[in-house]
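Novice: My questions will all concern the structure given below.
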Amino acid sequence: MSLSSKQTVILVLAELRGMCAGVQRAIRSVEMALQQFGAPVYVRHEIVHNQYVTCEFAKKGVVFIDDLDEILDTSRPVIFSAHGVSRSVTREAEKRGLTVIDATCPLVTRVHNSVRGYFERGYHVVFIGHAGHPEVVGTMGQLPEGAIILIETAEDVCKLDIPPSSPVACACQTTLSVDEAAVIIDALKSRFPAIVLSERSDICYATTNRQHAVKVIASSVEAFIVVGASNSSNSQRLKETAEREGCLSFLVQYPEELNWDLLSTLGALSTLRIGLTAGASTPEVLVENMISALSDVYDITVETVSTVKENIAFGLPVLLRN
């Protein structure tokens, strides 16, 4: 990670990056639960998709579990992650008498309410998302098995076994690619002209804003670094957005994960421009670490690009508000 003479790099930093309001709420929920109840505190799934965050909490006595039956002391609280859970998980927690702190992002909860409402009004419900993602599992689990159909691509629309005249409603995972979701929605509209969509896009403001910032920056850089976890949907979408704009793109959490050799293939440029952003579950300290590592290798000048401002905040779960 060293060069004999430092190449000049202009680091184009997205001002709008990193943790969104839903992630901040989830992390604050764990912090407050530790203060209020002491350790251990259980968290079902990763509270957010970032290993740095989960490792730091584990040091403080947070126990991350996949299933509620892993809770050895049922007197201890359990926190549901920002991604949300299925109704079967909620019912199991009630049956076991667990103290539940629901840190589901309010925007995910809004999607849950939407799909239940569509189903209750007699619609065939389709959901655009990535199979296996915790948010998708939780959202599909709001309805009885088979009552909601997952589609991942525009090609999946052709395979839907739903008569064109049937009432159809659509919801989306909150962390999708805005562009890819638009293609799928257009395919659904073409096949089901009367399809019902949410009045507001299900793709959350933070996902939309961060993807837009990447597009703005990508037109002026040769490479793009997204600081985030590989299992973070919103971080993956940021990398893909940069790639679609023609940038050599990287998704890493730590400097040592960066393919420095591949980045060095751009060394023939007298001045290299690199875009930098962070996924919505990435703490700012990881961005600072990346900038520091780049400064060790290159002669860095930082430019900040501002697109839109965010001023959204969510209140804590009821159990923690005192």
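The values are calculated or read from the model by the stated rules, or taken from the named source; none is laboratory data. This one's a predicted model, so the numbers in the text were calculated from it and none came from an experiment. A quick note on method: Cβ atoms are made from the backbone with ideal geometry, for glycine too, and the neighbour counts reach across all protein chains shown.
Novice: Within the stretch 81-97, is there a residue that is closer than 27 Å to THR208 by Cβ, crowded, with 20+ Cβ neighbours inside 10 Å and touching a strand residue (DSSP E or B) at 6+ places or on another chain (Cβ under 8 Å)? I'd like the intermediate steps shown before the answer.
Specialist: Just the residues of the stretch 81-97 that are closer than 27 Å to THR208 by Cβ, to begin with: 81-86.
Next, only the ones that are crowded, with 20+ Cβ neighbours inside 10 Å stay: 81-85.
Checking which are touching a strand residue (DSSP E or B) at 6+ places or on another chain (Cβ under 8 Å) leaves us with 81, 85.
The answer is yes, given that some residue of the stretch 81-97 is closer than 27 Å to THR208 by Cβ, crowded, with 20+ Cβ neighbours inside 10 Å and touching a strand residue (DSSP E or B) at 6+ places or on another chain (Cβ under 8 Å).
Residue-by-condition table, conditions (1) touching a residue at least 60 places away in the same chain (Cβ under 8 Å); (2) more than 17 Å from the chain's Cα centre (by Cα); (3) farther than 21 Å from VAL308 by Cβ; (4) outside any helix (DSSP H, G or I):
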{"residue": "HIS212", "(1), (2), (3), (4)": "yes, no, no, no"}
{"residue": "VAL216", "(1), (2), (3), (4)": "yes, yes, no, no"}
{"residue": "SER220", "(1), (2), (3), (4)": "yes, yes, no, yes"}
{"residue": "ASN231", "(1), (2), (3), (4)": "yes, no, yes, yes"}
{"residue": "SER235", "(1), (2), (3), (4)": "yes, no, no, no"}
{"residue": "LEU238", "(1), (2), (3), (4)": "no, no, no, no"}
{"residue": "THR241", "(1), (2), (3), (4)": "yes, no, no, no"}
{"residue": "GLY246", "(1), (2), (3), (4)": "no, yes, yes, yes"}
{"residue": "LEU251", "(1), (2), (3), (4)": "no, no, yes, yes"}
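Novice: Looking at VAL89, is it touching a Gly at 6+ places or on another chain (Cβ under 6 Å), in contact (Cβ under 8 Å) with a residue 40 or more places away in the chain, β-branched (Val, Ile, Thr) and within 30 Å of GLY18 (Cβ to Cβ)? Reasoning before the result, please.
Specialist: On the way: touching a Gly at 6+ places or on another chain (Cβ under 6 Å): no; in contact (Cβ under 8 Å) with a residue 40 or more places away in the chain: yes; β-branched (Val, Ile, Thr): yes; within 30 Å of GLY18 (Cβ to Cβ): yes.
It is false that VAL89 is touching a Gly at 6+ places or on another chain (Cβ under 6 Å), in contact (Cβ under 8 Å) with a residue 40 or more places away in the chain, β-branched (Val, Ile, Thr) and within 30 Å of GLY18 (Cβ to Cβ).
Novice: Out of curiosity, is CYS158 surrounded by fewer than 16 Cβ atoms within 10 Å (Cβ to Cβ) and outside the structural domain of ASP66 (by TED's automatic domain parsing)? Spell out how you get there, then give the answer.
Specialist: Details: surrounded by fewer than 16 Cβ atoms within 10 Å (Cβ to Cβ): yes; outside the structural domain of ASP66 (by TED's automatic domain parsing): yes.
Criteria met by CYS158.
Novice: Is it fair to say TYR118 is touching a strand residue (DSSP E or B) at 6+ places or on another chain (Cβ under 9 Å) and over 14 Å from ASP202 (Cβ atoms)?
Specialist: Numbers: touching a strand residue (DSSP E or B) at 6+ places or on another chain (Cβ under 9 Å): yes; over 14 Å from ASP202 (Cβ atoms): no.
So TYR118 does not fit the description; no.
Novice: I'm trying to understand the selection: among the residues of the stretch 233-250, which are surrounded by 24 or more Cβ atoms within 10 Å (Cβ to Cβ) and among the hydroxyl-bearing types (Ser, Thr, Tyr)?
Specialist: Residues of the stretch 233-250 that are surrounded by 24 or more Cβ atoms within 10 Å (Cβ to Cβ), as a first pass: 233-235, 237-238, 241-242.
If the condition is that a residue be surrounded by 24 or more Cβ atoms within 10 Å (Cβ to Cβ) and among the hydroxyl-bearing types (Ser, Thr, Tyr), then SER233, SER235, THR241 are the ones that fit.
Novice: If you don't mind, there's one more thing I want to ask. Looking only at the stretch 270-281, filter to residues that are assigned to a strand (DSSP E or B) and buried (at least 19 other Cβ atoms within 10 Å of the Cβ); which one of those is modelled with the lowest pLDDT? Please lay out each step first, then the result.
Specialist: At the first step, the residues of the stretch 270-281 found to be assigned to a strand (DSSP E or B) are 271-278.
With buried (at least 19 other Cβ atoms within 10 Å of the Cβ) added as a condition, the list becomes 272-278.
Details: LEU272: 92, ARG273: 95, ILE274: 97, GLY275: 98, LEU276: 98, THR277: 98, ALA278: 98.
Among those that are assigned to a strand (DSSP E or B) and buried (at least 19 other Cβ atoms within 10 Å of the Cβ), it is LEU272.
Novice: Which condition does ILE27 not pass, out of (1) part of a helix (DSSP H, G or I); (2) over 28 Å from VAL302 (Cβ atoms), if it passes all the others?
Specialist: (2) is the only condition that ILE27 fails.
Novice: Say we look at the stretch 282-320 and pick out the residues that are in contact with an Asp or Glu (Cβ under 9 Å, 6 or more places away or on another chain) and under 25 Å from ILE101 (Cα atoms); which of these is surrounded by the fewest Cβ atoms within 10 Å (Cβ to Cβ)?
Specialist: This residue is VAL318.
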